[in-house]
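We did not get these values from a lab; they are worked out from the coordinates using the rules stated. Everything numeric here is computed off the predicted structure, so don't read it as measured data. All Cβ positions, glycine included, derive from the backbone under ideal geometry; neighbour counts span all protein chains shown.
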Amino acid sequence: MKINGVILLIAFALFAGCATHPTISPKRLKKGESRYGYTLSLENVFPYMWYRKGISEVSDVGIRVGLPVYGTGIDYSRLLYLKDNKWDVINLSWSLNPNYNMDFTYYKFIKAGENRYRWWGFRGMYIPEGITGNTSTRIGVLFGSQIKDKMGFEIGYYHDFNSMPIAIIVLVNIILNKANCRFFVIFSILILT
């Protein structure tokens with residue numbers, strides 16, 4: 001019985017993958033400069049490898065390759081604004097996976113020290129046909145930090161308006177706030193989303 005459960009879990013992980021997002025370079029790349037690495041992500045079944053190359057002083061492109069296809073995709077980043085240690089970047093991405101998707105992300109970066117960066121951004125994502133056969137439009141916010149030259153993290157929340165209208169979360173929040181159940185508000189949002 002345990003073996004069947006493990007096989008079922010592996011099959012679910014392989015066929016129910018989430019959408020994939022690009023690994024960007026918080027460090028601005030000069031023309032001809034490149035970076036590469038790998039990303040471990042909760043949204044992908046396996047880690048994926050990535051490579052980015054500066055194609056001008058304000059643009060870079062990236063390619064990602066995952067196994068079997070999780071994490072695979074291409075993206076383009078362009079610098080929009082630069083002043084001192086702050087800059088804005090727009091990123092357009094296409095990803096190949098069971099929930100193949102297109103992303104549009106607006107990032108705001110701050111250089112926090114030598115090889116240390118912080119950022120936040122807004123992301124819009126469109127999944128034309130997901131694993132359930134339905135489309136999905138997601139909008140959300142993300143936060144990230146590069147704490148060492150070769151290590152960083154990014155977290156975010158992306159609401160899927162096709163599966164759950166935002167009004168349901170707000171309604172649950174209002175009902176539970178009137179009952180002074182703040183713990184359950186957080187719990188219900190985590191369960192509902």
Lysines whose Cα lies under 22 Å from that of K53, excluding same-chain neighbours fewer than 8 positions away: K27, K30, K31, K86, K108, K111, K148, K150
Percentage, to the nearest whole number, of Cα pairs in region 64-104 over 13 Å apart: 59 percent
Computed lengthening from Y106 to E129, 0.36 nm per intervening residue step minus Cα-Cα distance: 5.9 nm
Cα-projected label distance for L92 with I74, points at 7 Å along beta-carbon direction, nm: 1.2 nm
³J(HN,Hα), Karplus 6.51/-1.76/1.60, whole Hz, each residue of region 116-132, x for Gly, Pro: 10, 9, 10, 7, 9, x, 10, 10, x, 9, 10, 10, x, 8, x, 5, 8
